[in-house]
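Worksheet for the structure shown next.
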Amino acid sequence: MTECLTKTNKKILTKGNYAIANAAIIAGCECYFGYPITPQSEIGEFMSGKMQELKRAYVSAESELAAINMVLGACSTGAKAMTSSSSCAVALMQEALSYAASDELPIVLVSVMRGGPGLGNIYPSQGDYNQATIGGGDGDYKLIALAPATVQECVDLTYKAFYLAHKYKNPTVILADGLLGQMMEPVEFGEYPYPEVDNSGWALTGAKGRSARVIRSYAPSADNQCEFLNRLHAKYKMIEHNETQWEEINTEDADIILVSFGSPARNAKSAMKECRKLGLKVGILRPITLFPFPSKRISELANTAKKFISVEINMGQMIRDIKLAVNGKVPVELINRPVGNPPSVDEIVERIIKESEE
Amino acid sequence: MMSHIVIDESKCKGCYLCIDECPKKLLKIGEKVNNLGVRLVEFDDPNHECLGCAMCATRCPDLAIKEVYKG
Amino acid sequence: MTNTLTQIFKIPDSIKKGAKFSFCPGCDHGVAVRLVAEVLDELGLRENTIAVASIGCSVTLYDFLEVDSLEAPHGRALAEATGIKRARPDKFVFTYQGDGDFASIGMAESMHSALRGENVTAICINNTTYGMTGGQLGPTTLLGQVTTTSPTGRNVEYYGYPIKITEHIALCDGTAYAARVSLDTVPNIRKAKAAIKKAFEIQMKGLGFSFVEILATCPTNWKKTPQQAHQRVREEMMPVFKPGVYKDITANN
């Protein structure tokens, strides 16, 4: 646990959770507030030592509610601040996420998914796709949701999360899963690759030489709230336009396109390669941003592909967004494991063969 | 120069808490009504008895007694 | 009779220009907000302050103070304050909360901020009811008190006991100062201001958590005149919620 990773261009073998935590340090995260839950506790453990060593802010919060509200407080001053948690505990944070979206605060949340519903278990899962992309808080809001599939991407998307959160003043979630959090892979940290965002125009710093600023969500006037929501959603449109990110392989001539995010995308990719060896025209599209979702690209591909298959570790959540994008042009099937390790390569290949025969 | 108070008539909500506080009983419910529909408190000090103690302003919950001067 | 006039009362600079309180007639919130503003003025804190408003009638604080403010979700004000103070230790940070926010839904955040000795100040208005929602039973509702959710009065069988907030906060090792004050009379208003000032000074010295519980009226929901409401504070609340300084680490013994 006490291993202290540093900024380096050399490859280091480390776990996804440590990769996220160390990347946050390099990104300049000034405050970490957290509460333990498996399978992400390494993040809080790492941060407790490292943040104190660097004289940055750290609190072992009394609950996840407190932790994320501390992040809200810190972010209201323009600070880079984060918390990390998992599934049933991210459920506790939904109220604050809604407030942060309404307050337009740049909070960063790492959500390392485990099995649900309820207490569930500590196996890998993608049962919180809906939680991250639709949300459990009140009102019409969106989180930016980034989905790493490798430990290197845990680093890259942590950098990106801090950048996008501040650029768009929008709560941003890194949606990993228990497998990715615990898995070790070689990674390179390098430098934080994004420019620093100027928060001086809105952050609470004390009303010196200017009128007082208020960061609030309370909107007693319906007209004002209509105007606010229209503006908020114009921002979401802009995020969609600017920031949608995905990886796409062999889709041009594909009859079947696998769509998968996070750790199951790795098996899906291997299965795609196996199928190509068998002469089956299979491609893969891996969403990296879940909001914004690559709906436009999927819609285009629905003009050439004959079928889409969503590969997920849940009962089928992302499949809904795929279906919305495909809009009935071609069938959309599901290869899933309700919870636990992702569907195996063999399992996916077998199913693709079956689907291609239909 | 006489001690006196200044009332912001737009802010008085008619709680009349100030009336009980004045040691010289110089405040009373007047006839004038403001746009809140409230019969305003009136400061009536013909004999220049006001002490400038600010008890009334300290009690006022609405900043309606906005200034107090002691002579 | 002298020839000069001395202004001995004015609207504090920390109150927004032209601000009109939206509280009900006779509500003590207005006095409490003004006292906070007066102390901010006197200690020269306004331009370096970040206030945290909470949910309930206290949320409107940011409409009245010319101070940078964040609105916290219900009960979470001290978590927000913790985040602000940890991120920016040089800022002056205080919360303004009701008893429901502080001691019911926010009890964990309040108590743990005190236990950690967060160097922030919490002001808690105790009016023994949920005011904004129409007068329901809250954590400080007195035994026997009739509210819209205790129609025959608070009984122990269904509701249990009210909490004595300041006593609990004073027990936390991270608390540097904890006092309960009342706004029922002008002398008590002056004592309340002194307590707020003391609490703010404790934070300025970096001594830890400082807390002031303010006994206040809710004439509308109590269905009393403002005068009767103060009488109730004196006769019913103060015997149970006894005013006083419960902890002050700067006091000589």
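The numbers here are math on the coordinates, done by the rules we state, and not lab data. The model shown is predicted, which means the values in this text are computed figures rather than measured ones. As a convention, Cβ positions derive from the backbone with ideal geometry for all residues, glycine included, and neighbour counts pool all protein chains shown.
Positive end of the charge dipole of the range C:80-132 (Lys, Arg +1 and Asp, Glu -1 on Cβ, about the Cα centre): tell me which of C:I125, C:F102, C:F92 has its Cα farthest that way.
Most positive-ward Cα: C:F92.
Using DSSP to call loops (not H, G, I, E or B), can you name the trypsin sites (Lys or Arg not before Pro) in the range A:45-89 whose Cβ has at most 10 other Cβ atoms within 10 angstrom?
A:K55
Take A:A234 and C:Y159, extend 7 Å from each Cα along the Cα→Cβ direction, and tell me the distance between the two endpoints in nm.
Modelled inter-label distance: 4.9 nm.
Using +1 at the C-beta of Lys and Arg and -1 at the C-beta of Asp and Glu, which of A:V349, A:G279, A:A265 has the Cα lying farthest in the positive direction of the dipole of the range A:246-357?
About the Cα centre, the residue reaching furthest to the positive side is A:A265.
Can you work out ³J(HN,Hα) from phi for every residue in the range C:22-31, in order, using Karplus 6.51 cos²θ - 1.76 cosθ + 1.60 and θ = phi - 60°, giving whole Hz and x for Gly and Pro?
Each residue's phi maps through the Karplus curve to give 9, 6, 5, x, x, 6, 6, 3, x, 5 Hz.
Loop only per DSSP, at most 12 neighbouring Cβ atoms within 10 Å: give me the trypsin sites (Lys or Arg not before Pro) in the range C:11-47, ordered by residue number.
When the trypsin sites (Lys or Arg not before Pro) of the range C:11-47 are filtered for loop state and at most 12 Cβ neighbours within 10 Å, C:K17 remain.
Enter the mean number of other protein chain beta carbons within 10 Å of the beta carbon of each residue in A:176-184, as an integer.
0
Using a simple charge model, +1 on the beta-carbon of Lys and Arg, -1 on the beta-carbon of Asp and Glu, nothing else, what dipole does the range A:246-357 show about its Cα centre, in debye to the nearest 20?
120
At a Förster distance of 56 Å, what's the computed FRET efficiency of C:L115 paired with B:V6, Cβ-Cβ distance as r, to 0.05?
Once the sixth-power term is evaluated, E becomes 0.75.
Would you mind ranking A:K269, C:K223 by Cβ crowding within 10 Å, fewest neighbours first?
Ranking A:K269, C:K223 by Cβ neighbours within 10 Å, fewest first, gives C:K223, A:K269.
Any idea what the dipole of the protein assembly as shown comes to, in debye rounded to 20, about its Cα centre with Lys/Arg Cβ at +1 and Asp/Glu Cβ at -1?
So the magnitude is around 920 debye.
Of all GluC sites (Glu not before Pro) in the range A:244-327, which ones are in loop regions per DSSP and have a Cβ with at most 13 other Cβ atoms within 10 Å?
A:E252
How far is helix A:64-76 tilted, in degrees, relative to the longest principal axis of the Cα atoms in chain A, given as a value from 0 to 90 rounded to the nearest 10?
70
How do C:Y158, C:Y130, B:Y69 line up, fewest other C-beta atoms within 10 Å first?
Ranking C:Y158, C:Y130, B:Y69 by Cβ neighbours within 10 Å, fewest first, gives C:Y158, B:Y69, C:Y130.
Restricting the count to DSSP beta bridges whose residues both fall in the protein assembly as shown, what percent are antiparallel, rounded to a multiple of 5?
Looking only at bridges with both residues in the protein assembly as shown, the antiparallel portion is about 35 percent.
Beyond a 30 Å Cα-Cα separation, which of these cross-linked pairs lie in this structure: C:K91/C:K191; B:K70/C:K197; A:K169/B:K13; A:K169/C:K85; B:K24/C:K16?
In this structure, A:K169/B:K13; B:K24/C:K16 exceed 30 Å between Cα atoms.
Only helical DSSP H runs with n ≥ 4 go in: add -39500 (n - 2.57) per run for chain C, normalise by residue count and round the 222 nm mean residue ellipticity to 500 deg cm²/dmol.
Computed mean residue ellipticity for chain C: -8500 deg cm²/dmol.
With axes computed from alpha carbons, what is the tilt in degrees of helix A:94-103 against the longest principal axis of chain A, rounded to the nearest 10 within 0 to 90?
Value to nearest ten degrees: 70.
For C:G26, list long-range residues whose amide hydrogen, built 1.01 Å from N in the peptide plane, is under 5 Å from its own amide hydrogen.
Under 5 Å from the amide H of C:G26 lie the amide H atoms of B:C15, each far enough along the sequence or on another chain.
Pull up all non-local amide H partners of C:L70: gap of 5 or more, or a different chain, and H-to-H distance under 5 Å with H placed in the peptide plane.
Residues meeting the criterion, in which the H sits 1.01 Å from N, are A:I215, C:A51, C:V52, C:A53.
Averaged over peptide C:61-71, how many Cβ atoms belonging to another chain are found within 10 Å of each residue's Cβ?
Across the residues of C:61-71, the mean count of other-chain Cβ atoms within 10 Å is 6.
Could you state the number of Å between the C-alpha centres of the range C:52-71 and the range A:114-152?
33
Go through B:M1, B:A54, B:G30 and say which Cα lies farthest out towards the positive end of the charge dipole of chain B; charges sit on Cβ, +1 for Lys and Arg, -1 for Asp and Glu.
B:A54
Counting DSSP beta bridges in chain A, what percent are antiparallel, to the nearest 5?
So the antiparallel bridges in chain A amount to around 25 percent.
Residues of the range C:180-223 with amide nitrogen under 16 Å from the 7 Å Cα-to-Cβ point of C:K242?
Hits in the range C:180-223 for C:K242 at 16 Å: C:180-182.
Taking every DSSP beta bridge that has both residues in the range A:235-358, what percent is antiparallel when rounded to the nearest 5?
25
Quick one: Debye curve from the C-alpha atoms of the range C:29-248, no solvent, what's log10 I(q)/I(0) at q = 0.16 Å⁻¹?
For the range C:29-248 at q = 0.16 Å⁻¹, log10 I(q)/I(0) is -1.02.
Can you run phi through the Karplus equation (6.51, -1.76, 1.60; θ = phi - 60°) for the range A:146-160 and list ³J(HN,Hα) in whole Hz, with x for Gly and Pro?
Coupling constants for the range A:146-160: 10, 10, x, 10, 9, 5, 4, 5, 4, 5, 4, 7, 5, 4, 5 Hz.
Among C:79-85, A:37-43, what's the highest-first ranking by average C-beta atoms within 10 angstrom per residue?
With the highest mean Cβ count within 10 Å placed first, the list reads C:79-85, A:37-43.
Taking θ = phi - 60°, what integer Hz values does the Karplus form 6.51 cos²θ - 1.76 cosθ + 1.60 yield along the range A:172-183, in sequence order, with x for Gly and Pro?
10, 10, 9, 9, 9, 9, x, 5, 5, x, 9, 6
Any chance you could check the Cα centroid distance between the range A:192-250 and the range A:261-301 for me, in angstrom?
Cα centroid to Cα centroid, the span is 32 Å.
Tell me, in nm to one decimal, what length is gained between A:D223 and A:N303 on full extension, where the rule is 0.36 nm per residue of separation less the Cα-Cα distance?
Between A:D223 and A:N303, full extension yields 24.6 nm more.
Scan around A:Y58 for amide H atoms under 5 Å from its own, H built in the peptide plane at 1.01 Å from N, and keep only partners 5 or more places away or cross-chain.
A:Y32
Can you sort A:W246, A:W202, C:W222 from fewest to most other Cβ atoms within 10 Å of each residue's own Cβ?
Ascending Cβ contact count within 10 Å gives the list A:W202, A:W246, C:W222.
For the range B:12-60 and the range C:146-192, what is the separation of their C-alpha centers, rounded to whole Å?
Using only Cα atoms to place each centre, the spacing works out to 31 Å.
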